[in-house]
Structures are given as structure tokens and as C-alpha cells.
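Read-outs throughout are calculated quantities, based only on the coordinates presented, and are distinct from any laboratory measurement. Not measured: the values here are computed from a predicted model. Backbone-built Cβ (ideal geometry, glycine too); neighbour counts: all protein chains shown.
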Amino acid sequence: MKNLTTEDIRTLSPYVPGKPVEELERELGITGSVKLASNENPLGPSPKAVEAMRGMLTGVNRYPDGAGHYLRAALSKKYAHPIEGIILGNGSNELLEIIVRTFLLEGEEAVMAAPSFVVYKMAAQASSRKSVVVPCVDGKHDLAAMADAINANTKLVFIANPNNPTGTMNTAAEFDAFMARVPEDVIVVMDEAYFEYATDPEYADSLKHLKAGRRLVILRTFSKAYGLAGLRIGYGLSTPELVDLMNRVRQPFNTNMLAQAAALAALGDSAHIENSVRVNEEGKKYLYAELGRLGIKYIPTHANFIYMEMDRAAGPLYDALLKKGVIVRPMGPTQLRVTIGLMDENRRFINALETII
């Protein structure tokens, strides 16, 4: 077995997704569980997206539009960005892998933060590339320290804003100062999967730097606020030159017909996004108050989840919540992350947590 692959792949820890709710309920002998583990939109998709999918069902014997022309055109109009500078992916996860495979050459390095989205390091390690990991400060990307970590071998810098799993945000002033220090030949990957939830007016404006001609790839997704996680569709905004190279690595027909149709319809339903953000803000305020009442430390969030620091081991607490039909995500020895759900789901989580502790 040792000779079948590289040492990097043998030592790579695979991403462990949560079990399906139905399987957990069967194993535990419970019903009516609430899933607050994967940062999904509790409202579900836009009705317009559902209707768009229904209208495409009879055509699924045909291959999808391999270029995703209509969706890319709509994104081009929304962001006033050239269509040649837009790429679609099977979720933004696929685009992360495409970026690494396209640009991170032998001997080159990627700078990233920790804790942050685990796929950055996984993608680099799977390609036998070095990751330079810079610790977060209070759960937030230390952009000054990340700029310090850039050297002659640095090719990519990964930034999650808002950050997953901590929910922290880097401001426009912080990002501007960072970009002023980044060499022109380094590609900055700005992962903005949760940006719709970031209502702070100081939120970093990455598009400004892209439009100024910087080597930047901005990743966004329809999985979170748009409620299309099960369809796996995301997109990247970059320079036409970088997208042209990425398209040479991208697999043909990488985004399916139903996903493209649903995403296009969802993009036009601003009311659904506004409602999703409103529900998230209401749930956030409730959870802040209740966690404070219970004396549980948490990091204020700019996303649709809350990162908590518990006073006990996270594993047993996660198991105890499971037995009460509440699924959250353990993130470290004493850390849990909970998705902000509908108000009934939030109350269910707090009631279960209070009973356990």
C-alpha cells in the first residue's frame, strides 16, 4: 500500500462530513432532530429556484451548458465584471482545488490562517505543496502576520472572510493595508462564502482590488444564503487571464443543468436573500442573549453560525446534544460551532444545551 501514492496523500486526514439526519435518528432511536451543523439556510431555497428546477427536469437527458453562459452573464451584470473573468464550480470547493492545481507549482507555497476552512490545507497537501499556516488572533485572520509570512516561494494566499469556523470579519482598512504589502505576482484567494450575511459597513471590498487589476480570485457560493447547498454550485470572480488558465484544468460539464437553472433564478430573488439575512440576525440576537445567560463564551459572528468555547470537552457534549436530537459541529478539544437556525430550532438547541450543562 505504501507504494500506491505519495506520503502527502497517505498522511492526509479526509474531510469527515456529518451523518445524514435519518441515519443518526435510526442509530439513536429518536425522531424530529434539528441539524445545526453545516451552516445551511434554514429557510431552504427560493421558490423561484425550485420552480426553475422543475422546468428543467425533462431535459436532464442532455448535457448541461458546459460554459454556464446564462448564469455567468447574470453574474457579470450583477457585479459589472467581464464574463470572461467568471468561472463556475461544483461548489466553491472545486474551485479551490482548481486554483491549487492550476497555479501552485512545485516548490511554491500557500499562506493561510488557522483555524480556518480546512480545504485550503487539504488541497495543497493533496498536490504535495507546502502550506504556511499563520495563527488567527481571537479567531480573526491576522493579515499583518500573513503579509509577513509571504516570501519568494509564496504563490497563493487564502483568506476566508467571514472566516469559517469562527465567523470573524476583516475590515476594508485591514484588507487594503494587506493588499498594499502583497507582491503583484502573488495570487490572493478571497473566500467569501458567507459574505451575504456580513452586514457590517466596514466589510472588506475585495472587488475594488480585482477591478484595479490585482491578481485576486474571489470565491462565492449559492450553498449558504441562497439555500442551494445540495446542488453544489459556486463561482469565482477573477481576471480573464487567470480564469482562462483555470478553465484549462476545470472538467467539462462540472456544474449540472438543475444547479445552473436554480442558481440563475435564485440570483434574481433578492427578497429571499433579504429574508434569509433578517432571520439570521434575529436568531443571532437570541443566541447571543441565551449563551450569555448560560455563561458560555462565544465569538461574535458575521456569518450564519456561532463558534463557542466550552468549559468542557466538546466530544461528550456533542454526543449528549445528539441524544437530544440536536446536531452541531465539534471544532476542537473544547470548541463547538452551531448554525443559526429558525427560532424554534435555536430554542431547541438552547434548551438541550442548558439541560446538559
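I need the GluC sites (Glu not before Pro) found in segment 185-216, filtered to DSSP loop residues with at most 15 other beta carbons within 10 Å of theirs. Mind dumping the intermediate values first?
Details: sites: Glu192, Glu196, Glu202; in loops: Glu192, Glu202.
Within segment 185-216, the qualifying GluC sites (Glu not before Pro) (loop, at most 15 other Cβ atoms within 10 Å) are Glu202.
Using a Förster distance of 25 Å, how high is the FRET efficiency between Asp269 and Val249, based on the Cβ-Cβ distance and rounded to 0.05?
Values: r = 32 Å, r/R0 = 1.28.
Once the sixth-power term is evaluated, E becomes 0.20.
As an exercise, identify the chymotrypsin sites (Phe, Trp or Tyr not before Pro) in segment 236-307 lying in DSSP coil whose Cβ has no more than 15 other Cβ atoms within 10 Å.
Values: sites: Phe253, Tyr286, Tyr288, Tyr298, Phe305, Tyr307; in loops: Phe253.
Passing sites in segment 236-307 are Phe253.
Rounded, prolate or oblate: which one fits segment 47-268, using the alpha carbon gyration tensor with axes a ≥ b ≥ c (rounded when a/c is under 1.5, else prolate when a/b beats b/c, else oblate)? Provide the component values of the computation, followed by the final result.
Working: a/c = 1.86, a/b = 1.56, b/c = 1.20.
Verdict is prolate for segment 47-268.
Considering only Thr199, His141, Val243, whose Cα is most displaced toward the positive end of the charge dipole of the chain, charges sitting on Cβ of Lys, Arg (+1) and Asp, Glu (-1)?
Result: Val243.
Taking the Cα centre of segment 47-268 as origin, work out the dipole magnitude from +1 charges on Lys and Arg Cβ and -1 charges on Asp and Glu Cβ, in debye rounded to 20. Don't jump to the answer; show the numbers that get you there.
Working: 22 positive and 23 negative charges, 158 e Å.
Here segment 47-268 has a charge dipole of around 760 debye.
Is there a quick way to get the dipole size of segment 1-80? I mean about its Cα centre, with the Cβ of Lys and Arg at +1 and of Asp and Glu at -1; what is the value in debye to the nearest 20? Before the final figure, lay out the partial values.
On the way: 11 positive and 9 negative charges, 87 e Å.
Computed about the Cα centre, the dipole is about 420 debye.
Are there trypsin sites (Lys or Arg not before Pro) in segment 48-101 that DSSP puts in a loop and that have at most 14 other Cβ atoms within 10 Å, and which ones? Before the final figure, lay out the partial values.
Working: sites: Lys48, Arg54, Arg62, Arg72, Lys77, Lys78, Arg101; in loops: Arg62.
Qualifying residues, ordered by number: Arg62.
With the contact rule set at Cα under 8 Å and sequence spacing of 6 or more, what percent relative contact order holds for the chain?
Working: 639 pairs, mean separation 85.2, N = 357.
Value for the chain: 24 percent.
Among Ser116, Ala212, Pro45, flag the residue with its Cα farthest along the positive direction of the charge dipole of the chain, charges on Cβ as +1 for Lys/Arg and -1 for Asp/Glu.
Pro45
Give the lysines reachable from Lys208 as a straight Cα distance under 28 Å; neighbours fewer than 8 places away on the same chain don't count.
Filter leaves Lys77, Lys78, Lys121, Lys140, Lys155, Lys224.
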